[in-house]
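Below is one structure; the comments refer to it alone.
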There are 2 protein chains.
Amino acid sequence: MGHTHAARRGKLGVLVADRGYDAVLVTRLVNVRYLTGLASSNAALLVRADGTALLATDARYAGTAAKISPDLETLVERAVALRLTGLAAESGIGRLAYEAHDVTVERHAELTTVSEGIELIPFGHGVEELRKVKDEDEIAMLARACAITDQAFDDVLSSIKVGVTEREIAIALERRMVDLGADKPAFDSIVASGPNGAIPHHEPGGRQFETGDLVTMDFGALYDGYHADMTRTVAVGHVAHWQKEVYDLVQAAQQAGIDAAVPGAETKDVDAAARDLIVAAGHGDDFPHGLGHGVGLEIHEAPLLGYDKTGRLADRVPITAEPGVYLAGRGGVRIEDTLVVRTAGPEILTKTTKELLVV
Amino acid sequence: MGHTHAARRGKLGVLVADRGYDAVLVTRLVNVRYLTGLASSNAALLVRADGTALLATDARYAGTAAKISPDLETLVERAVALRLTGLAAESGIGRLAYEAHDVTVERHAELTTVSEGIELIPFGHGVEELRKVKDEDEIAMLARACAITDQAFDDVLSSIKVGVTEREIAIALERRMVDLGADKPAFDSIVASGPNGAIPHHEPGGRQFETGDLVTMDFGALYDGYHADMTRTVAVGHVAHWQKEVYDLVQAAQQAGIDAAVPGAETKDVDAAARDLIVAAGHGDDFPHGLGHGVGLEIHEAPLLGYDKTGRLADRVPITAEPGVYLAGRGGVRIEDTLVVRTAGPEILTKTTKELLVV
């Protein structure tokens, strides 16, 4: 992977040069990981316009850094950003870009104490933009995370029955994913049953499933840094007419969103493809969130798909498509896949059936 | 708990008034939780000098907010900080403090677009300072988290044997804590065996325990928002002379640190009480981290205990005491308790034996 990370730093260097900066100070930890392979809770990276770089991390991670990036010059230092900024000043860097969406006002004031002669310039979300289009190695990790997620759903499905609690199913899904090779769950799992299904981010609790419940499960595996994200809604015992109607609507909307997710599509148009169906059915107000989001080293990352979002999709951009309809006091339905936007058509990574299962 | 949170906001209001501000915009989510009870991934709180407050959170958390803080005025809004700042400007607030250690440079620039006529002033870590001294309800939560941690250790101890992997024990500890009532693990558990014990933050992997290993386990339960933190080091099969020597040293240093943790003590002196013993034994360079840290709604919070830290302990401040000695290539020992600094003497919340157990 060493050459992969060096190539990414090279691309970032080009971006830095294009914008007329001498270097960029990368402080967002997930961006440092993307550019070096190092998952550290304290690290920063200076990438120069020529693509060369200097990593700083503290003693706890020094050994790992040396193993992962033997060719990358690395400083062992606790005050990582401060030290790199000081070194940049000493080495004659004049225009230093920094991640203004990560650096706090307090940290920025610290940096200015060592940045004499340097102009500190907000870089914007340049690294996040680079991260949007994944390479095939990254997509393979995501696919593995999604395969674990599918298998866990399949293995736990028979445990969903009257009397079992939301929390028990959440724990069962999470444990099964780890047993199947996940590092851990990609995020806190949601299991929302009956009326709780009307709460998009319901925290699984002690409510026991009852006959006639819809149960929405939103969960995923983390595999080697990459996050799977899947939601399925199943019915317990039997399905009421209104439940089937809402389910079919959400499923049709999800498919319309997936069909619209082609390279070059405006993100707001992809959202609209799904949303228009839900609005037309009179449920516009019951779908209060965006259609989906990018996934990768973060569970939520660029691009965001929503009616008020801008930007275009591209080949090899993994996203989720997750419309939902939430009816206060009654319940809800959400259906979500992780998929990759491809020139050849969307590649769905979560392969669990979207038929309405009655358990 | 409603009156508890109102009382905390009242104390914060006094602090705001004392400093001559009209209000403070609290954006650190853990601080919002402390002041309202609401655990949200998107919330902000405006606390005025008179202790009155206005909460903002998005639609996902509106129901929970209404349930937890029925008496607290709440806005349902996605751009929480921006909206509260705009309202502050409209309501004639002139001097608005904000959390400059949380607000990014990018976010600050956004806030200035709606803060005409307002002076935005860094507030420092005022809420974190208030959070240092816990009330007895908080200490009860911590004690429960620590009791779960103790019980999980006791239940898993017999599984530590030759051939078992670090990861298997980490997973067993985490699952047992959840089965015993933890919300989830308080942090990613560390299980470091044999030579891996020399890495303070080793990530548990596939290494199988061997006879003669020391195994260091650093883990804890999260209970209702409060974090337990405990480390124990055990020996597999038998104990070499050097291992026993290092163990006894770390144990003595830990006890010296605990004994020094009295109300009024300088944090650096508490660190020194433990560190001096380790330095005197010739292992100063093998103890490369601070003695401990505050624990509560965060796993690491104020006060930090280290040779270069300032500040004084007080009655009802929970901290950890966790000295370690790490010998590259050979292994390491760390012993850690969560305890509460008390006028009547330290209250140790993690009660697992610190005798060197041979399993």
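Details
- Legend: distances between Cα atoms for A:Lys161/B:Lys67; B:Lys184/B:Lys351; B:Lys244/B:Lys268; pairs beyond 25 Å are A:Lys161/B:Lys67; B:Lys244/B:Lys268.
- Equivalent-ellipsoid semi-axes of the protein assembly as shown, from the Cα gyration tensor, Å, largest first: 39, 32, 30
- Accessible surface for the range A:22-112, divided over its residues, is 38 Å² per residue with a 1.4 Å probe.
- Taking Cβ atoms as reference points and 12 Å as the exclusive limit, the residues near B:Gly13 contribute a net charge of +2, counting Lys and Arg as +1 and Asp and Glu as -1.
- Copies compared at A:Val359 - label distances in nm, ascending, label defined 7 Å from Cα in the Cβ direction: 3.3
- Using θ = phi - 60° in the Karplus curve 6.51 cos²θ - 1.76 cosθ + 1.60, the 3J(HN,Hα) couplings for the range A:278-289 round to 6, 5, 4, 7, x, 10, x, 6, 8, 10, x, 9 Hz; x is entered for Gly and Pro.
- Phi-based couplings in Hz for the range B:121-132 (Karplus 6.51, -1.76, 1.60; Gly and Pro marked x): 10, x, 8, x, 9, x, 5, 4, 5, 4, 6, 4
- Annotation for A:Asp285, label-to-label distances across the other copies: 7.1 nm (shortest first, one decimal, point 7 Å from Cα along Cα→Cβ).
- Percent RCO, i.e. relative contact order, over chain B, from Cα pairs under 8 Å lying at least 6 residues apart: 14 percent
- Quick note on the range B:193-329: its Rg to Rh ratio, both from C-alpha atoms and Rh being the Kirkwood radius, is 0.98.
- Note on the range A:158-314: with charges restricted to the Cβ of Lys and Arg (+1) and Asp and Glu (-1), its dipole about the Cα centre is near 280 debye.
- Value of [θ]222 nm, deg cm²/dmol, for chain A, DSSP H segments ≥ 4, -39500 (n - 2.57) each, nearest 500: -11500 deg cm²/dmol
- For B:Lys67, inter-copy label distances in nm, listed shortest first [label point 7 Å out on the Cα-Cβ vector]: 4.4
- Using alpha-carbon coordinates, inclination of helix A:59-68 to the longest axis of chain A, degrees: 80 degrees
- Amide H partners (placed H, <5 Å) of A:Val359, local residues excluded: A:Ala235, A:Val236, A:Gly237
- Listed by chain and number, the lysines whose alpha-carbon sits under 19 Å from that of B:Lys11, ignoring those within fewer than 8 places in the same chain, are B:Lys132, B:Lys134.
- Tilt relative to chain B, helix B:136-156 - C-alpha long axis, 0 to 90 degrees, to 10: 30 degrees
- Note on the range B:2-131: Rg/Rh from C-alpha atoms, Kirkwood Rh, equals 0.92.
- Angle in degrees between helix A:80-90 and the longest Cα principal axis of chain A, rounded to the nearest 10: 30 degrees
- For the range B:1-67 versus the range A:5-56, the inter-centroid distance based on Cα atoms is 37 Å.
- Taking N as its residue count, the alpha carbon Rg of chain A over 2.2 N^0.38 Å: 1.10
- Those residues of the range B:89-109 for which accessible area with every protein chain present is at least 40 Å² below the isolated value (1.4 Å probe): B:Ala100, B:Thr104, B:Val105, B:Glu106
- In order through the range A:295-300: 3J(HN,Hα) via Karplus (6.51 cos²θ - 1.76 cosθ + 1.60), integer Hz, x for Gly, Pro: 9, x, 5, 10, 6, 10
- Lys/Arg +1, Asp/Glu -1 at C-beta; chain B dipole; positive extreme among B:Leu222, B:Leu349, B:Ala261: B:Leu222
- Gaussian network model of chain B, springs between alpha carbon atoms under 10 Å - residue of B:Gly63, B:Gly345, B:Gly86 with greatest fluctuation: B:Gly63
- Distance from the C-alpha centroid of the range A:193-270 to that of the range B:186-260: 42 Å, rounded to the whole angstrom.
The values are calculated or read from the model by the stated rules, or taken from the named source; none is laboratory data. In this text the structure is predicted, and so the values were computed from the model without any measurement. Positions of Cβ are backbone-derived with ideal geometry, glycine not excepted, and every protein chain shown enters the neighbour counts. Keep in mind that these areas ignore ligands, DNA and RNA; they rest on the heavy atoms of the full protein, side chains included. Shrake-Rupley method; radii C 1.70, N 1.55, O 1.52, S 1.80 Å.
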